[in-house]
Amino acid sequence: MVISVKPCAAVRVAVPYGSSFQRAEEFVYAKVGWIQRHLDKMKAYSQSDGTAGSAVDTIDREEAKRKLISRLEYLAAQHGFTYNRVFIRNQKTRLGTCSSRNNIGLNVKVSCLPEELMDYVILHELAHTRVKNHGKGFWMLMDQLVGDGKAKAARVREYSIRHLLGSP
């Protein structure tokens, strides 16, 4: 089961087919603290002065595309990764994707991240060309690439909520 919290105080619970409503309800009640913390973050963001998203609104998409592809090529070569194709898109909720065919998708907004976090997002997707899940092996690889991978992931999430993916 997966819980996601979106701007406008929307809480979504994805329940696998065959799971009971009671089991889903118990799962949600067990995660009430986590849900409340994320709702509070969204509320704080929505009450901000609105300047957080302004840099994103003025992205030069062609320049962002060149920057991201250049950095992707550099990091792939530096760490011995191969990928098939790359797509740069403007997405609302995802910063990056890696398909089963090793196609890398990057959100144009990644170009607005500080360089260390931009590299993390790119390396995260490149790591998925070798490990297709977020299991122990994936995080061991991320730790080799960036140090404490989960700590960097948390920094990217926090930065993204405040500056990139939240609604102005």
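Bear in mind these aren't lab numbers, they're just calculated from the coordinates by the rules spelled out. The structure displayed is predicted, hence computed values, not measured ones. Counting neighbours? That spans all protein chains shown, and the Cβs are built from the backbone with ideal geometry, glycine included.
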Notebook entry, point to check: Considering only Cα-Cα distances, which of the following residue pairs are longer than 21 Å: LYS67/LYS136; LYS31/LYS92; LYS132/LYS152; LYS65/LYS152; LYS65/LYS136; LYS109/LYS152?
Noted result: LYS67/LYS136; LYS31/LYS92; LYS65/LYS152; LYS65/LYS136
Notebook entry, point to check: Between GLN36 and ASN133, what FRET efficiency follows from the Cβ-Cβ distance if R0 is 22 Å, with the result rounded to 0.05?
Noted result: 0.15
Margin query: Only Cα pairs within less than 10 Å get springs; with that Gaussian network setup on the chain, which residue of SER19, SER111, SER70 has the largest fluctuation?
Written below: SER19
Checklist line | Helix-only mean residue ellipticity at 222 nm for the chain, each DSSP H run of n ≥ 4 adding -39500 (n - 2.57), per residue, nearest 500 | finding: -15500 deg cm²/dmol
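What does the charge add up to near TYR120, with Lys and Arg as +1, Asp and Glu as -1, over the other residues with Cβ less than 9 Å from its Cβ? Show your work: numbers first, answer last.
On the way: positive: LYS152, ARG155; negative: GLU116, ASP119.
Surrounding charge for TYR120 is 0.
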Checklist line | Cα convex hull of the chain - mean projected area over all directions, nm² | finding: 10.8
Notebook entry, point to check: Residues with amide H under 5 Å of ASN103's amide H, sequence separation 5 or more or different chain, H placed in the peptide plane at 1.01 Å from N; which?
Noted result: ASN84, ARG85
Next item on the list: Given the options GLU125, GLU25, GLU73, state which has the largest fluctuation in a GNM of the chain using a 10 Å cut-off (strictly under) for Cα springs.
Entry: GLU25
